[in-house]
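This report refers to the structure that appears directly beneath it.
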Amino acid sequence: MIHLHDIRYVRLGTRDLDAATRFATEVVGLQLAAREGDTVYFRSDRAAVRGDTRDHTLAYFDGDPTEHVIGLELRDPDDLEALGAALEAEGRPVHRGTKAECDARRTRDFIASTDPSGNRIEFLARPYNSGVRFHPGRDIGIENFSHIGLFSTDPKRDTAFWTRVLNARVSDWLGDATFLRINTVHHSVVLMPSSRPGIQHINHQVEDVDDVMRSYYWLRQQGVKIVYGPGRHPISTAMMVYFEGPDGMVFEYSVGVKHILPDQEASYRPRQFTLDGYNADMWGSFHETEGLPREPAAARRMRLVV
Ligand SMILES: [Fe+2]
């Protein structure tokens, strides 16, 4: 059985590395870790919170902006061979990273593959840690990179792949969207219904709700487009705000995500939430992120008729 340890990074193509770098550091508040050739690396982990600092959690590279890749760390690096065999048995492509590709990803070894929607996934064995203390690009209170929304052309099929092959567990469903956990965090990956693959949004946890609200006002003052929130997800209890970055990528800050602890695993049952009411945001904000309705049904249902 393959076990994943954590989500490690996202890699995004862009045609304007300088603009993407400015946004990642000056707006999102990540730390520029390195710029090598056509790739720029960013860090976001406070060691005091995570207990470790991943070498980088975001990389922008010169390329097609629709090229999105996620990196997942294996709990046991010796599982790489077994994982390759399991992926091949599923009819998924398997590419073993070359030395140069491993160096570019800051890992000892990896396998590149895809999920059935075509989302590009890199499975990492012994990715590098950083001994350098994280300091944010601005005073935002980032604690760590935490999860992604991932487009899926068939969430039911892809959920089966993630749970059966990768041993992810379903935490909850919101409509057809599936919240998947791979450790104690309520969700590391959310499969969002779409007509295409790709990353839907990138989440960073912040220290406090004050950081969410302070950033909300600051982002608006900077002219950054807010696409969702501020609000609170009843599913994970996290308070959040979402905003749009380079190439239309959505970034999220949130605080207070629920954990499902090891002694709760056996008794936990995933819950189905409908898209009605205030199930996506209990504060009732409107949003424009693909994969969710643009207007909460409750806002329509509860509109006063005069
Ligand atoms: Fe999120």
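The values are calculated or read from the model by the stated rules, or taken from the named source; none is laboratory data. Everything numeric in this text was worked out from a predicted model, so none of it was measured. Don't worry about glycine lacking a Cβ; one is built from the backbone with ideal geometry, like all the others, and counts go over all protein chains shown. These accessible areas exclude ligands, DNA and RNA; they are computed on the full protein's heavy atoms, side chains included. Shrake-Rupley method; radii C 1.70, N 1.55, O 1.52, S 1.80 Å.
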Revision key, fill the gap. Projected onto their principal axes, the Cα atoms of segment 10-128 stretch, largest extent first, over whole-Å spans of 44, 35, 25
Exercise for review: Just tell me which lysines come within less than 30 Å, Cα to Cα, of K225; anything on the same chain fewer than 8 places away is out.
Suggested key: K258
Practice item. Report, by chain and number, residues whose modeled amide H sits under 5 Å from the one on L72, excluding near sequence neighbours (fewer than 5 apart, same chain). Key: R8, E122, F123, L124
**Study point:** Residues with amide H under 5 Å from that of S254, placed H, sequence gap 5 or more
**Key:** H204, Q205, V206
Point to revise | Rounded to whole Hz, the Karplus (6.51, -1.76, 1.60) HN-Hα couplings of segment 136-147, x for glycine and proline | key: x, x, 8, 7, 10, x, 4, 9, 5, 6, 10, 7
Practice item. Could you calculate the FRET efficiency of R157 with H3 from 1/(1 + (r/R0)^6), where r is the beta carbon distance between them and R0 is 30 Å, rounded to 0.05? Key: 0.85
Point to revise | Computed E for L32/T237 - FRET, C-beta separation, R0 45 angstrom, nearest 0.05 | key: 0.90
Review point. Amide H neighbours of F273 under 5 Å, counting only residues 5+ apart in sequence or on other chains, H built in-plane at 1.01 Å?
Key: W173, L174, G175
Practice item. Give a residue-ordered list of calculated ³J(HN,Hα) values for segment 148-154 (Karplus: 6.51 cos²θ - 1.76 cosθ + 1.60, θ = phi - 60°; whole Hz; x for Gly, Pro). Key: 10, x, 10, 5, 9, 7, 7
Exercise for review: Counting only heavy atoms of the protein chains, get the accessible area per residue of the chain (1.4 Å probe) and round it to a whole Å² value.
Suggested key: 44
Review point. Which is the longest stretch in the chain that no exposed loop site breaks, taking sites as trypsin sites (Lys or Arg not before Pro) with a DSSP loop state and at most 14 other Cβ atoms within 10 Å?
Key: 139-224
Study note, to complete from the structure: Share of accessible surface on carbon and sulfur in segment 142-301, whole %, 1.4 Å probe and ligands ignored, is 51
Study note, to complete from the structure: D (µm²/s, integer) via Stokes-Einstein for the chain, Kirkwood Rh across alpha-carbon pairs, 25 °C, 0.890 mPa s: value 125
Check your understanding: Once fully extended, how much extra length lies between N129 and K225, figured as 0.36 nm per residue of separation less the alpha-carbon to alpha-carbon distance?
Key -> 31.2 nm
Exercise for review: Kindly write out, for segment 90-102 in residue order, the coupling ³J(HN,Hα) from the Karplus curve 6.51 cos²θ - 1.76 cosθ + 1.60 (θ = phi - 60°), rounded to whole Hz, with x marking Gly and Pro.
Suggested key: 8, x, 8, x, 9, 10, 7, x, 6, 4, 5, 5, 5
Check your understanding: Hey, what did segment 98-243 get for relative contact order, percent, Cα under 8 Å, at least 6 apart?
Key -> 20
Review point. With each pseudo-label sitting 7 Å past Cα toward Cβ, what's the A266-A19 distance in nm, one decimal?
Key: 5.5
